[in-house]
Amino acid sequence: MKIHEYQAKKLLADRGVAVPRGFAATTAAEAGAAFAKLGVGIAVVKAQIHAGGRGKGRFAGAEDGPGGVQLVRSKAEAEAASQRMLGKKLRTIQTGPEGQEVRCVWVEEGSAIARELYLGIAVDRAVGAPVMMVSTEGGMEIEKVAEEHPEKILKARVHPIWGLRTHQARTLAYGLGLSHDQVPKAVPFFQALAKAFLDLDCSIAEINPLVVTKSGDLIALDAKINFDSNALFRHPDVVALRDEAEEDPKEVEASRFDLSYIALDGNIGCMVNGAGLAMATMDTIKLHGGEPANFLDVGGGATTEKVTAAFKILLSDPKVKGVLVNIFGGIMKCDTIAQGVITAAREVKIQVPLVVRLEGTNVEKGKQLLEQSDVKIIPASSLDEAAAKICAAVR
């Protein structure tokens, strides 16, 4: 789960991370009032969408105009800047060509920037723990820094119980070239971010850039936090921050039925049980020259209702020109899948090729249900055969 920058800054500020003062606004009048309330000579109006690269982004229909981060020096300028953003679609490197509509802006006091650094925490599967990363290359994407200048990234393992130790924080601070006066400020800053990461069950907590001001203070000029969705039941306050308007409607609908669904750019819909089998199914489709339209794992204990919902979500994607159902029955019985497929296909009046491969518990019963139904189905006995058939049918 993702949240907006202004929401992330509120969570971090509550946990001891220094952030600039600011106010959220959904209208130009509110943005102007926010500037007046800040009482500063310069502020920044920042478009709030779930994507990075907002400063370099451009609004649809105004590609030569200002981006999603604008400096303002008066109430009138704050109103004008927010007016240019609100209700418009901002295109960034992370949104794709369709862009994302801006429904909220963040009006923040200006900062006297002396240096821009990078600070972030992510789960490192190789070491089985969160890892804090710092770099002198603030403002750049950490992936690009890792590719071009890996020596400029310093790391420290965050203990899942004890957090980031003081000596680790000091090592990172000195590695960034911070002065002796700045290190005592950096240590609690780094430790507060680590504690927030652990307490909130984050998957990513990133401050880019982390700013050193001309007065020597450290401030989170930007903030990005993603959460482990499996742990959200422990954080109702975080769940309340969810903005469904920023998410794919199909993914929102899937979450209501506890389905693991991720939209992709292809034209072959996939319904599979088990993440590993789903990945293998997508790989095999690509092996036969096709492109999967989604990742969809219905899980091991799905009901007919759940399978029907999954099927409807697949077919709601206008890009889908064919569907491959690949089920290996264990806890999930093949006859349950078959009944769900039949029910959904009847309700939505499926008009695209449908290939079904069933194997495992109650497979003969499932195949019999499919054969006796009035739904037009292309059967397959193996994953390779199923992928070949759906790719050929779509072509």
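Remarks
- Residue among V69, V40, V127 that is over 27 Å from the mean Cα position of the chain (by Cα) and farther than 19 Å from E247 by Cα: V40
- D265 being of a type in the set (D, E) and under 22 Å from A345 (Cβ atoms): no
- I225 of a type in the set (A, V, I, L, M), under 19 Å from A129 (Cα atoms), at pLDDT 95 or above and not in a helix (DSSP H, G or I): yes
- Residue in region 170-191 that is open to solvent by less than 70 Å² (accessible area, probe 1.4 Å), touching a residue at least 60 places away in the same chain (Cβ under 8 Å) and among the hydrophobic types (A, V, I, L, M, F, W, C) present: yes
Here's the yes/no breakdown for (1) of a type in the set (S, T, Y); (2) within 22 Å of V19 (Cα to Cα):
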residue: G39; (1), (2): no, yes
residue: V44; (1), (2): no, yes
residue: A62; (1), (2): no, no
residue: G65; (1), (2): no, no
residue: S74; (1), (2): yes, yes
residue: E77; (1), (2): no, no
residue: S82; (1), (2): yes, yes
residue: V102; (1), (2): no, no
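- Matching residues, region 237-272, being closer than 25 Å to A393 by Cβ, open to solvent by 20 Å² or more (accessible area, probe 1.4 Å) and part of a loop (DSSP other than H, G, I, E, B): L264, D265, N267
- Number of positions in region 130-150 that are over 23 Å from the mean Cα position of the chain (by Cα) and more than 18 Å from I219 (Cβ to Cβ): 3
- Conditions (1) touching a residue at least 12 places away in the same chain (Cβ under 8 Å); (2) in a loop (DSSP other than H, G, I, E, B); (3) open to solvent by 70 Å² or more (accessible area, probe 1.4 Å): number failed by I49: (3)
- Any strands (runs of 3 or more DSSP E) falling wholly within region 67-136 and containing at least 3 residues that are within 26 Å of A196 (Cβ to Cβ) and either among the β-branched types (V, I, T) or open to solvent by less than 10 Å² (accessible area, probe 1.4 Å) (or both): 105-109, 113-124, 129-135
The values are calculated or read from the model by the stated rules, or taken from the named source; none is laboratory data. A quick note: this is a predicted structure, and the numbers were derived from the prediction, not measured. Ideal geometry is used to build each Cβ from the backbone, glycine not excepted, and the neighbour counts take in all protein chains shown. Quick note on the areas: whole protein, heavy atoms, side chains included, nothing else; ligands and nucleic acids left out. Shrake-Rupley method; radii C 1.70, N 1.55, O 1.52, S 1.80 Å.
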